[in-house]
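The next block holds one structure in the form of structure tokens; read it before the comments.
The values are calculated or read from the model by the stated rules, or taken from the named source; none is laboratory data. Owing to the predicted nature of the structure, the values given are computational and were not obtained by experimental measurement. We place every Cβ from the backbone using ideal geometry, glycine too, and count neighbours over all the protein chains shown.
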Amino acid sequence: VIPGELTCRDLVELSTDYLEAELAPDDRTRVEEHLVICAECARYVGQMVRTVELIGGLRGWSPA
Amino acid sequence: VIAYKFLRAGAVGPFSGFAWPVPADGRQGAWVDAAGRPRACERGVHACARADLPVWLDEELWVVELGGSIVNARTKLVAERGRLVRRVAAWNPALAAAFAAVCAERARGFAPEYGDDAERLVVEGAPATTAYVAAHAAARAFGSPAGAVAERAWQADWLATALAL
């Protein structure tokens with residue numbers, strides 16, 4: 001690994017903070033650099049985004 | 001300041017999902033204002049300098065004009081406002097494949113054990129990852145991260161020449 005780069009394991013650990021915009025700018029940039037070159041991590045984060053959107057869509061829903 | 005921005009098909013920001021106003025009728029795209037001082041990855045128009053083109057490869061490449069205050073952040077430029085000036089039509093699937101093939105060849109030259117992975121990535125249509133593998137192969141060959149930095153610089157020069165930037 002080149003200094004400053006993230007591994008896939010790093011990305012998984014940072015992904016929640018990334019999606020909640022809690023990362024420092026440099027870390028956020030590193031996450032995005034990794035997402036460009038790693039299709040698996042991009043898919044993983046994409047699935048998290050969709051999950052968050054779905055949960056958001058369910059707010060206010062109640063069983064009949 | 002003139003800079004560059006890779007976008008998904010349809011001039012959509014790869015991380016923000018923002019649909020950029022595109023140039024039309026011979027005029028540049030409308031200014032997009034970040035409303036406040038730029039802060040990397042939080043607020044501002046994000047673009048990159050020529051040297052960082054290989055880091056951000058995506059489907060479309062645009063020349064952008066940045067205005068207001070501009071912050072340098074690692075491999076990004078973040079500005080108070082920006083607009084799309086023109087699409088770089090030369091960045092197309094054929095050139096992306098040619099770039100990937102060159103990177104795979106260099107990866108094998110630097111470190112033969114990286115060659116098969118790099119060539120597989122060419123077939124899969126992953127130029128950004130192929131370029132990344134070449135940078136790592138260079139670091140291995142030179143026994144130092146400086147090898148990767150030098151390879152990224154070579155890649156940026158290749159792209160700038162091929163795209164007449």
**OP:** Keeping to segment A:22-31, report how many residues are surrounded by fewer than 20 Cβ atoms within 10 Å (Cβ to Cβ) and either at the interface with chain B (Cβ under 7 Å from one of its Cβ atoms) or in contact (Cβ under 8 Å) with a residue 24 or more places away in the chain (or both).
**Re:** 2
Subject >> Single unsatisfied condition, B:ARG83 versus (1) surrounded by 17 or more Cβ atoms within 10 Å (Cβ to Cβ); (2) touching a Leu at 6+ places or on another chain (Cβ under 6 Å) >> reply: (2)
**OP:** Hey, can you tell me all the residues within segment B:137-165 that are under 22 Å from B:PRO112 (Cβ atoms), out of contact with any helix residue (DSSP H, G or I) (no Cβ under 7 Å at 6 or more places or on another chain) and in a helix (DSSP H, G or I)?
**Re:** B:PHE142, B:ALA146, B:VAL149, B:TRP154
Subject >> Lone qualifier among B:GLU105, B:GLU119 - being surrounded by 18 or more Cβ atoms within 10 Å (Cβ to Cβ), away from chain A (no Cβ under 12 Å) and in a helix (DSSP H, G or I) >> reply: B:GLU119
Original post:
Identify, please: which residue in segment A:1-20 is assigned to a loop (DSSP other than H, G, I, E, B) and more than 7 Å from chain B (Cβ to nearest Cβ) and is, among those, nearest to the chain's Cα centre (by Cα)?
Top reply: A:GLU20
Original post:
Take the residues of segment A:36-47 that are surrounded by 14 or more Cβ atoms within 10 Å (Cβ to Cβ) and within 9 Å of the chain's Cα centre (by Cα): which is farthest from the other protein chains (Cβ to nearest Cβ)?
Top reply: A:TYR44
Subject >> Hits in segment B:76-123 - residues which are under 14 Å from the mean Cα position of the chain (by Cα) and over 22 Å from B:ALA9 (Cα atoms) >> reply: none
Original post:
Limited to segment B:131-145, what total is found for residues that are within 20 Å of the chain's Cα centre (by Cα) and more than 9 Å from every other protein chain (Cβ to nearest Cβ)?
Top reply: 3
Original post:
What's the number of the condition A:CYS8 fails, among (1) under 24 Å from B:ALA139 (Cβ atoms); (2) at pLDDT below 95; (3) surrounded by 11 or more Cβ atoms within 10 Å (Cβ to Cβ)?
Top reply: (2)
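So if I check each of B:VAL45, B:VAL55, B:VAL64, which one is buried (at least 23 other Cβ atoms within 10 Å of the Cβ), within 21 Å of B:GLY147 (Cα to Cα) and β-branched (Val, Ile, Thr)?
Testing whether each residue is buried (at least 23 other Cβ atoms within 10 Å of the Cβ), within 21 Å of B:GLY147 (Cα to Cα) and β-branched (Val, Ile, Thr) leaves just B:VAL55.
A quick yes/no check of all residues on (1) within 25 Å of A:ALA42 (Cβ to Cβ); (2) within 14 Å of chain A (Cβ to nearest Cβ); (3) in a loop (DSSP other than H, G, I, E, B); (4) touching a strand residue (DSSP E or B) at 6+ places or on another chain (Cβ under 6 Å):
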residue	(1), (2), (3), (4)
B:ALA3	yes, no, no, yes
B:LEU7	yes, yes, no, yes
B:ASP58	yes, yes, yes, yes
B:VAL63	no, no, no, yes
B:LEU66	no, no, no, yes
B:SER69	no, no, no, yes
B:GLY82	yes, no, no, yes
B:VAL85	no, no, no, yes
B:LEU95	yes, no, no, no
Original post:
So how many residues does segment B:12-43 have that are under 29 Å from B:TRP158 (Cβ atoms) and at the interface with chain A (Cβ under 10 Å from one of its Cβ atoms)?
Top reply: 4
Subject >> Only one of B:ALA89, B:ALA96 that is buried (at least 18 other Cβ atoms within 10 Å of the Cβ) and aliphatic (A, V, I, L, M) >> reply: B:ALA96
**OP:** Mind listing whichever residues of segment B:44-56 are within 12 Å of chain A (Cβ to nearest Cβ) and either in contact with a strand residue (DSSP E or B) (Cβ under 8 Å, 6 or more places away or on another chain) or basic (Lys, Arg) (or both)?
**Re:** B:GLY44, B:HIS46, B:CYS48, B:ASP52, B:LEU53, B:VAL55, B:TRP56
